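**Q** Would you mind keeping the following structure in view while I ask a few things?
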Amino acid sequence: MRQVKVSDLKVGDTIACDVPNLHGQVLLATGTLVGPKHGMILKAWGITDVVIAGESPALSEPSPTAPPVVAVPPAEPSGEILHPAMAEILRIAVEAKQAAVDKGGKPAPPAPPPGPKAKISPAWQPVTAETVATRSGNLASLPTIYFQVNSVINHPSSSTADIAKALGSDQSLSARLLRIANSAFYGFPRKIENIGEAVRIIGTKQLHDLVLATVVLKQFKGLDPGLVNMADFWRHSLACGLAARCLAAQRREANVERYFLAGLLHDIGSLVIYQQLANRAQVVLEQHRETNKSIDELERTIIGCDHAAVGGALINEWKLPPLLRDVAANHHSLDPRFMSVGIAMVHVADVLVLSMGFGTNGETRAQRLNIPAWDSLGLSPSCLPQVATDMTGLLAEAQKLFLTEDKA
């Protein structure tokens with residue numbers, strides 16, 4: 001047996017030790033003959049070295065000083081990597097990354113040299129998610145325009161003209177909504193000329209969620225770029241929202257915008273932590289990069305609560321629909337007691353877009369697919385390529401629509 005770089009693997013080589021991913025799931029089992037796509041699959045999971053059968057061409061016998069290479073056994077015999085949906089997500093991820101290379105995509109620049117390491121302070125006491133959310137200053141409340149529009153939309157005697165008037169009181173918001181209505185996001189065959197027409201064609205519930213998505217993205221400004229790359233964060237959040245929207249369309253859900261919004265907001269608690277607890281967040285991110293521990297696990301240890309709980313608490317503070325709160329609070333734990341279609345949909349969307357490399361909230365490792373969550377959606381894995389294609393096709397435009405600053 002000998003250890004080789006994944007880049008040096010050749011078709012026909014025989015895997016001599018199980019190759020697990022970071023979750024302990026076996027990607028390639030002992031005895032597997034290396035095929036044309038196995039190298040790309042291993043690289044997609046961040047695997048750099050494997051053990052193959054045969055002796056090193058440079059050595060007739062093993063070096064007496066070389067430590068033995070021991071295969072890491074799977075953490076659990078779940079076989080989730082072999083589930084058709086996970087296999088399809090992995091195939092999509094490999095093809096997406098290869099397509100980026102074929103189009104001349106460049107690898108990410110090397111990380112800057114690390115500064116002084118952050119240290120855990122003895123003075124840090126555990127804090128609750130509710131405490132973090134309620135002390136988040138201007139984040140603890142949404143802009144007045146949202147509540148004005150929400151009040152009109154939910155009033156039983158409101159007309160389309162009433163809703164259009166409320167939206168028209170904020171020219172920047174109404175102009176952005178018109179751009180969204182006339183974009184590929186909806187693909188209407190003719191131009192929508194005014195906000196009243198947009199209300200009639202898009203629908204009040206869908207418009208409510210678009211208003212909310214638009215105002216939320218303006219809430220988070222001036223965060224430390226050393227902690228979070230905001231472009232990467234919102235790219236991931238938008239991609240997750242779009243993928244959830246596409247999955248909802250596959251299920252023929254009535255209001256697909258609600259799932260777009262749920263995906264958009266699922267990691268919102270991370271931004272609150274980065275803003276309110278920057279020193280602790282720096283420790284979390286450093287330890288995440290240096291260990292196999294997930295961000296949410298480290299947050300619970302160092303802060304006392306994780307970003308999912310903070311996101312749920314903030315959305316509850318905002319008095320938004322329970323679906324949005326539940327998705328934010330449970331998208332990592334996936335507790336069967338609280339499982340819902342919305343939570344499962346955003347989880348699958350999150351796994352898909354992270355695997356494809358569309359931004360991040362700080363997490364550097366791909367997630368594993370929760371099979372009961374996938375099964376609860378009642379979808380076939382064959383729908384996933386279309387979901388990925390539709391999401392990718394809308395992402396660049398969504399970034400312009402939702403993230404571009406309004407002109408003065």
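The values are calculated or read from the model by the stated rules, or taken from the named source; none is laboratory data. Just so we're clear, the structure is a prediction, and the values are computed from it rather than from any experiment. Cβ placement follows ideal geometry from the backbone for every residue including glycine, while neighbour counts extend to all protein chains displayed.
**Q** Could you check region 355-383 and list, in sequence order, the residues that are of a type in the set (Ser, Thr, Tyr), touching a residue at least 60 places away in the same chain (Cβ under 8 Å) and more than 23 Å from Ser237 (Cβ to Cβ)?
**A** Applying the first criterion (of a type in the set (Ser, Thr, Tyr)) to region 355-383 yields 355, 360, 364, 376, 380, 382.
If we keep only those that are touching a residue at least 60 places away in the same chain (Cβ under 8 Å) as well, we get 355, 360, 364, 382.
Hit for region 355-383 is Ser382, nothing else.
**Q** If a residue has to be among the polar types (S, T, N, Q) and either buried (at least 24 other Cβ atoms within 10 Å of the Cβ) or assigned to a helix (DSSP H, G or I) (or both) to count, how many in region 284-310 make the cut? Can you show your working first?
**A** Of region 284-310, the ones among the polar types (S, T, N, Q) are 287, 291-292, 294, 301.
If we keep only those that are either buried (at least 24 other Cβ atoms within 10 Å of the Cβ) or assigned to a helix (DSSP H, G or I) (or both) too, we end up with 287, 301.
The total comes to 2.
**Q** Being within 25 Å of Gly357 (Cα to Cα) and touching a Gly at 6+ places or on another chain (Cβ under 9 Å) is the filter; apply it to region 16-34 and report the residue that is modelled with the lowest pLDDT.
**A** Leu22
**Q** Let me ask you something else. Consider region 241-286. How many of its residues are small (Gly, Ala, Ser) and in contact with a Leu (Cβ under 8 Å, 6 or more places away or on another chain)? Write out each step before concluding.
**A** First, pick out the residues of region 241-286 that are small (Gly, Ala, Ser): 241, 243-244, 248-249, 254, 262-263, 269-270, 278, 281.
Adding the requirement that they be in contact with a Leu (Cβ under 8 Å, 6 or more places away or on another chain) leaves 241, 243, 262-263, 269, 278, 281.
Residues meeting the conditions: 7.
**Q** Of the residues Ala281, Ala366, Ala313, Ala329, which is small (Gly, Ala, Ser), within 16 Å of the chain's Cα centre (by Cα) and not in a loop (DSSP other than H, G, I, E, B)?
**A** Numbers: Ala281 fails: within 16 Å of the chain's Cα centre (by Cα); Ala366 fails: not in a loop (DSSP other than H, G, I, E, B); Ala313 fails: within 16 Å of the chain's Cα centre (by Cα).
Result: Ala329 is the single residue among Ala281, Ala366, Ala313, Ala329 that is small (Gly, Ala, Ser), within 16 Å of the chain's Cα centre (by Cα) and not in a loop (DSSP other than H, G, I, E, B).
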